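J.: The structure is given below, and queries will be raised subsequently.
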């Protein structure tokens, strides 16, 4: 397996496909493309056990090539993005592998506007990293300063979002089961809920990088939390991924709400509270429930290739106020242009408080779709062009979208097949109005892939 490089940065298994030499190469390349050397680079990390070693090495390396560093240590990815944007920092490197298993680590690269590097800058950085011998030495070493209060700045930003009624949320005194997977959002998320006068039952809340389950906040990985919600008679459960940019929800009856509906609930609440005709932006793999919700408000939905930066660039182009991805990632431009589990949580709580809804009732208001998310490991025998030509032949009477892999669009269903940006796999997402149709569609695709 090779180091994975994409619009989401780089990821690999530490000391196998990702080592300190790679960290130096990509840190050097990032420094080269962020040319203003009078402005520091922010460095932060999630809680993974390899993160501290990588952070110390990276900070020292950047200092040695003359770069000043602002080190925030363990903070959520959206916190780092917000600070880079609002404090006009030249850019940042976040040491994280997001939702990948704990033996993985990586680097996310944030531009001076607080968004991830776009495709063109990524290509330039990858080219530098892959074609250099690091020889730069600086007579004047850079300095490192620490900003440990960064999460407080982030939380202040969130509780001051214009359409959020903090008083009504506080009055509800929500009882919440919180699972932050021993990740970067442990302390900050608890602090946010305390500010909102919530009673918190916190599990997996020590930022030690030990993940007691698969850290991706998908339905099949959340079997423990529903039982706790029921036992504690909680109003809801909230679950983040290790770097705090994705949110999953469990309702008051212990039902796991599919991560697609995190975005759908937040967009429903936003449109009910804000008089706007601005386009909503999401990716090709996200639920059609967004289209149904937008139609009620006579608003257009624009779709992009998968990847946060792709959604963000289209949001800026459309002057969009809200968007995101169906993996539980909500992007609210008023806060910052990045997926943010903290933003998602406060919008969900605002929705419940201001409409006097239970979490179960709120989810029932979302148009009902069924989704199947599967993946197949990549191997040398799998050829993209061959796969896509066979799929086109099988579904020749349907519409196709080929901006990111291939998406087949039928009446009441769609199938999206694409290579993952973050793992060595092919992802297959299928959505249908009829649950029984999911498996038959998946079996059809498997037959094509296995030919």
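J.: Given the conditions (1) at pLDDT below 90; (2) assigned to a helix (DSSP H, G or I), and given that residue 442 satisfies all but one, which numbered condition is not satisfied?
T.: It fails just one condition, (1).
J.: Here is a follow-up. Given the structure, is residue 164 surrounded by 15 or more Cβ atoms within 10 Å (Cβ to Cβ), more than 29 Å from residue 6 (Cα to Cα), under 23 Å from the mean Cα position of the chain (by Cα) and not assigned by TED's automatic domain parsing to the domain that holds residue 358?
T.: Yes: the conditions hold for residue 164.
J.: Just checking, how many residues over segment 352-395 are part of a loop (DSSP other than H, G, I, E, B), over 24 Å from the mean Cα position of the chain (by Cα) and at pLDDT below 90?
T.: Selection size over segment 352-395: 5.
J.: Looking at segment 315-334, is at least one residue in a loop (DSSP other than H, G, I, E, B), in the same structural domain as residue 429 (by TED's automatic domain parsing) and touching a residue at least 24 places away in the same chain (Cβ under 8 Å)?
T.: No, segment 315-334 has no match at all.
J.: Which of the numbered conditions does residue 298 fail, given that it passes all the others? Conditions: (1) within 25 Å of residue 154 (Cα to Cα); (2) surrounded by fewer than 22 Cβ atoms within 10 Å (Cβ to Cβ); (3) in contact (Cβ under 8 Å) with a residue 12 or more places away in the chain.
T.: In the conditions (1) within 25 Å of residue 154 (Cα to Cα); (2) surrounded by fewer than 22 Cβ atoms within 10 Å (Cβ to Cβ); (3) in contact (Cβ under 8 Å) with a residue 12 or more places away in the chain, residue 298 misses (1) alone.
J.: Residues 419, 396, 392: which one is surrounded by fewer than 19 Cβ atoms within 10 Å (Cβ to Cβ), in contact with a strand residue (DSSP E or B) (Cβ under 8 Å, 6 or more places away or on another chain) and more than 30 Å from residue 10 (Cα to Cα)?
T.: One residue alone meets the criteria, 392.
The values are calculated or read from the model by the stated rules, or taken from the named source; none is laboratory data. Keep in mind the model is a prediction, meaning the values are calculated, not measured. When we count neighbours, we look across all protein chains shown, and the Cβ atoms used for this are built from the backbone with ideal geometry, even at glycine.
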